[in-house]
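First up is the structure itself, then whatever we jot down about it.
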Amino acid sequence: MRQAVLSHLYGKQPVADLAARVAEGGFKGVQLALAKAISDVDTSTGKLSPGLGHMIAEQFDRHGVRIAVLGCYIDPVHPDLDIRRQEINRFKEHLRYARDFGCSMVATETGSLTTYQQAYPDSYREVGWKVLRETVSELAEEAEKWGVHMAIEPVAVHTLHTAELMERLIEEVPSSTVGMLFDPCNMMKHEFMDDQQSFLRGVFEKLAERIILIHAKDFRFTEDGTKQECVAGTGMLDYPYFFELLQQYKPHIDISLEGATREQLPEASLYMRRIWQETLDKRRTLTHG
């Protein structure tokens, strides 16, 4: 199991200390959001360079930790053109230098579904979609130049919020650099709970070829239908079935643990490793039994 962790769960700190903390937690990989995680290096837009990427990667490598992905969570549908341009430029810079950090992915979400609702009450979904498509198309062109991937994360309340819309984005932006970051908790909706396994299976059947990264946490729905995040193993996600699908479709994919405090990470990590091994043992028994 290729288990990584979101670096900023350990708090913003000097890069050498951060690398040591991640390794002490038993993680061999990390999702690194530079602005959220590193306190002693200026990683603002315009400051990245091959040398900076190598220096940070070397700090993690000394502790046996690989940078699996750079997190650069911009708002690609921001209504202010100047701000959106700043966001796009920052993401492009991450794409250019990703390989100097030792990885080939940069991750983002897609902005709120209701961003344009007030200005375009009857067509806000399509207006937001048009802006997202334009942004992703521009970023894909940059990613192609550097041979890296965009890991785009659908979220239930965002512009990109379903497997069908992920398929649509791939069709409308025909670039192999566009990949999917699959977080089943972020995509989960109340209506999927009647047959959670069908929802999970459907995502893999539609999009397995484009799934390049996994986020792992848990969720629960309250009595009024509100969704809440919680630590892996304490909520409603069918982890045994989810891991069965991962082992079938993407057995060596990076899985970034999130949704936990620093103190909760050991328990969450242990739970995931246990379920992964139990699922693996079960599949082997069925195969060889």
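The values are calculated or read from the model by the stated rules, or taken from the named source; none is laboratory data. Note that the structure is predicted; figures quoted are calculated from it, not measured. Note that each Cβ is placed from the backbone with ideal geometry, even for glycine, and that neighbours are counted across all protein chains shown.
Residues in the range 171-228 that are of a type in the set (K, R) and assigned to a loop (DSSP other than H, G, I, E, B): K189, K217.
Go through the range 206-244 and give me each residue that's among the basic types (K, R) and over 22 Å from A107 (Cβ atoms). Result: R220, single match. Scanning the range 76-124 for residues that are over 18 Å from the mean Cα position of the chain (by Cα), within 22 Å of A151 (Cα to Cα) and charged (D, E, K, R) returns R84, R85, E93, R96, D100. Can you confirm whether E209 is over 18 Å from L9 (Cα atoms) and within 19 Å of the chain's Cα centre (by Cα)? Yes; evaluated as a whole, the condition is true for this residue.
Residue-wise test of (1) surrounded by 19 or more Cβ atoms within 10 Å (Cβ to Cβ); (2) more than 18 Å from S137 (Cα to Cα).
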{"position": "L169", "(1), (2)": "yes, no"}
{"position": "S175", "(1), (2)": "no, no"}
{"position": "C185", "(1), (2)": "yes, yes"}
{"position": "L200", "(1), (2)": "yes, yes"}
{"position": "I214", "(1), (2)": "yes, yes"}
{"position": "K217", "(1), (2)": "yes, yes"}
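Of all positions in the range 100-111, none carries a residue that is aromatic (F, W, Y), surrounded by 15 or more Cβ atoms within 10 Å (Cβ to Cβ), at pLDDT 95 or above and in a loop (DSSP other than H, G, I, E, B). Checked against the criteria, A68 counts as out of contact with any His (no Cβ under 9 Å at 6 or more places or on another chain), buried (at least 19 other Cβ atoms within 10 Å of the Cβ) and touching a residue at least 60 places away in the same chain (Cβ under 8 Å). Give the residue, chosen from L237, L245, that is assigned to a helix (DSSP H, G or I), at negative phi and either in contact with a helix residue (DSSP H, G or I) (Cβ under 8 Å, 6 or more places away or on another chain) or free of Cβ contacts under 8 Å to residues at least 60 places away in the same chain (or both). Matching residue, one of L237, L245: L245.
Please verify whether V148 is free of Cβ contacts under 8 Å to residues at least 24 places away in the same chain, surrounded by 15 or more Cβ atoms within 10 Å (Cβ to Cβ) and of a type outside the set (F, W, Y), treating the condition exactly as stated. Walk me through how you get there before you give the answer.
Values: free of Cβ contacts under 8 Å to residues at least 24 places away in the same chain: no; surrounded by 15 or more Cβ atoms within 10 Å (Cβ to Cβ): yes; of a type outside the set (F, W, Y): yes.
Judged against the criteria, V148 is not a match.
Kindly check whether there is at least one residue in the range 28-49 that is in contact with a Phe, Trp or Tyr (Cβ under 6 Å, 6 or more places away or on another chain) and either part of a loop (DSSP other than H, G, I, E, B) or modelled with pLDDT under 95 (or both). Break it down into steps so the answer makes sense when it comes.
So the first thing to find is which residues in the range 28-49 are in contact with a Phe, Trp or Tyr (Cβ under 6 Å, 6 or more places away or on another chain), and the list is 48.
Narrowing further to those that are either part of a loop (DSSP other than H, G, I, E, B) or modelled with pLDDT under 95 (or both): 48.
Within the range 28-49, one or more residues are in contact with a Phe, Trp or Tyr (Cβ under 6 Å, 6 or more places away or on another chain) and either part of a loop (DSSP other than H, G, I, E, B) or modelled with pLDDT under 95 (or both).
Checking each residue of the range 45-58 against the condition of being surrounded by 14 or more Cβ atoms within 10 Å (Cβ to Cβ), in contact with a Cys (Cβ under 7 Å, 6 or more places away or on another chain) and either among the β-branched types (V, I, T) or closer than 28 Å to Y271 by Cα (or both) gives no match. Would you confirm whether or not the range 134-149 contains a residue that is in a helix (DSSP H, G or I), in contact with a Pro (Cβ under 8 Å, 6 or more places away or on another chain) and hydrophobic (A, V, I, L, M, F, W, C)? Within the range 134-149, one or more residues are in a helix (DSSP H, G or I), in contact with a Pro (Cβ under 8 Å, 6 or more places away or on another chain) and hydrophobic (A, V, I, L, M, F, W, C). Among the residues of the range 12-26, those that are loosely packed, with under 14 Cβ neighbours inside 10 Å and either part of a loop (DSSP other than H, G, I, E, B) or of a type in the set (V, I, T) (or both) comprise P14, G26. Remark: pairs (first residue in the range 37-52, within 18 Å of G11 (Cα to Cα); second residue acidic (D, E) and surrounded by fewer than 17 Cβ atoms within 10 Å (Cβ to Cβ); Cβ separation under 9 Å; 6+ apart in sequence or on different chains) = S39/D17; D40/D17.
Can you find, within the range 251-289, the residue that is surrounded by the fewest Cβ atoms within 10 Å (Cβ to Cβ) among those that are in a loop (DSSP other than H, G, I, E, B) and of a type in the set (S, T, N, Q)? Checked the range 251-289; the qualifying residue surrounded by the fewest Cβ atoms within 10 Å (Cβ to Cβ) is T261.
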